[in-house]
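Peer 1: Handing you this structure, nothing more for now.
Just so you know, all these numbers are worked out from the coordinates, no wet-lab data involved. Fair warning: this is a prediction, and the values are worked out from it, not measured in the lab. Here Cβ is always computed from backbone atoms with ideal geometry, including for glycine, and neighbour counts include all displayed protein chains.
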Amino acid sequence: MKKSVLITGCSSGIGYCVAQGLHARGYRVFATARREESVGMLRSEGLESLRLDLNDSTSIHQAVTEVLQRTDGKLYALFNNGAYGLPGAVEDLSREAIRAQFETNFFGWLELTNLILPVMRRQGYGRIIQNSSVLGFAAMPFRGAYNASKFALEGLSDTLRLELRGTKIFVSLIEPGPIATNFRANAMQALIHYIDFEKSVHRDRYLAVQSRLNKKGAAVPFTLPPEAVLQKVIHALEANHPSARYYVTFPTHLFGLLKRILPVRMLDKLLAKAGSDHQ
């Protein structure tokens, strides 16, 4: 029987690439997406696809029920991937904006994971792979909502990994830096929806952010294609002892090193510059 993998956020970018890559590798992939048209597209390309909206508990439960019916109650792996970024200064973020960011990037992942864990405990094995970010351990300015959601995800995942010690259920974090996806376009929509440029002391910075997000092609150096993430997911699925963390892209490796060796004040200076340079 093929090993089955449930993936969220497969309409484009990393989720789409990983779904296609694992399917080609022989996995039984359940590629989920929020919009029905995305589900239709994935099915037309030969993938098993279901609707799963991370903001909707009913949708999450229905998708899990359907997957388990198709697999006789078993699931080898869950790849939590569906997420978006909300740019903006912390002082401009409303409670509504932060809540929306966490509903998708954190609470939906928690609910889905907790539905899958009893399945993995019963079968005695499993892999939970969380697509985090370099911004899950190295905060940059004007990314507070996204930083917070990924820092929270990392703390939750580290805790879960400790709680699963002694089982054959492994938890891994993927920590990409810049990847060529639709992430910027989605971030632009969120920025316009939640931030009132004209009322902010950071108006000029937002205009610079808008210019960067609208830029065609790679907006920052060291951007890699989503296949770079796929290779790490494959290792997390197939290694006898998968790593707790997988760095992807040069900036992740760099800031991972600098966080370990630099004083906070010096690291803050570098992160502030990097964040400003990439607005």
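Peer 1: Check which residues have an amide H placed less than 5 Å from residue 262's amide H, if you skip close sequence neighbours.
Peer 2: Correct list: empty.
Peer 1: If you don't mind, there's one more thing I want to ask. Using bins 10 angstrom wide from zero, how does P(r) for segment 121-220 break down, in % of all Cα pairs?
Peer 2: 13, 35, 27, 15, 8, 1
Peer 1: Another question, if that's okay. Would you compute the Debye intensity of segment 17-83 from its alpha-carbon atoms alone, equal scatterers and no solvent, and pass along log10 I(q)/I(0) at q = 0.12, 0.24 Å⁻¹ to two decimals?
Peer 2: Normalising to I(0) and taking log10 leaves -0.28, -1.21.
Peer 1: Also, quick follow-up: If the viscosity is 1.002 mPa s and the temperature 20 °C, what translational diffusion coefficient in µm²/s does Stokes-Einstein give for the chain when Rh comes from Kirkwood over Cα pairs?
Peer 2: For the chosen part, D equals 111 µm²/s.
Peer 1: Which of the GluC sites (Glu not before Pro) found in segment 34-122 are loop residues per DSSP with 13 or fewer other Cβ atoms within 10 Å of their Cβ?
Peer 2: Here the GluC sites (Glu not before Pro) that fit, given the DSSP loop and packing criteria, are 45.
Peer 1: Pop the C-beta distance of residue 198 and residue 103 into the FRET formula with R0 = 30 Å and round what comes out to the nearest 0.05.
Peer 2: Efficiency at R0 = 30 Å is approximately 0.65.
Peer 1: Given the -39500 (n - 2.57) contribution per DSSP H run of 4+ residues, what per-residue ellipticity at 222 nm results for the chain, rounded to the nearest 500 deg cm²/dmol?
Peer 2: So the helix-based figure for the chain works out to -16000 deg cm²/dmol.
Peer 1: Let me ask something additional. Of 106, 137, 222, which is the most mobile in a GNM of the chain whose springs link Cα atoms less than 10 angstrom apart?
Peer 2: Result: 222 has the largest fluctuation of those listed.
Peer 1: Next question, about the same structure. Considering lysine pairs in the chain that are 8 or more places apart or on different chains, how many have Cα atoms under 16 Å apart?
Peer 2: Total qualifying Lys-Lys pairs in the chain comes to 6.
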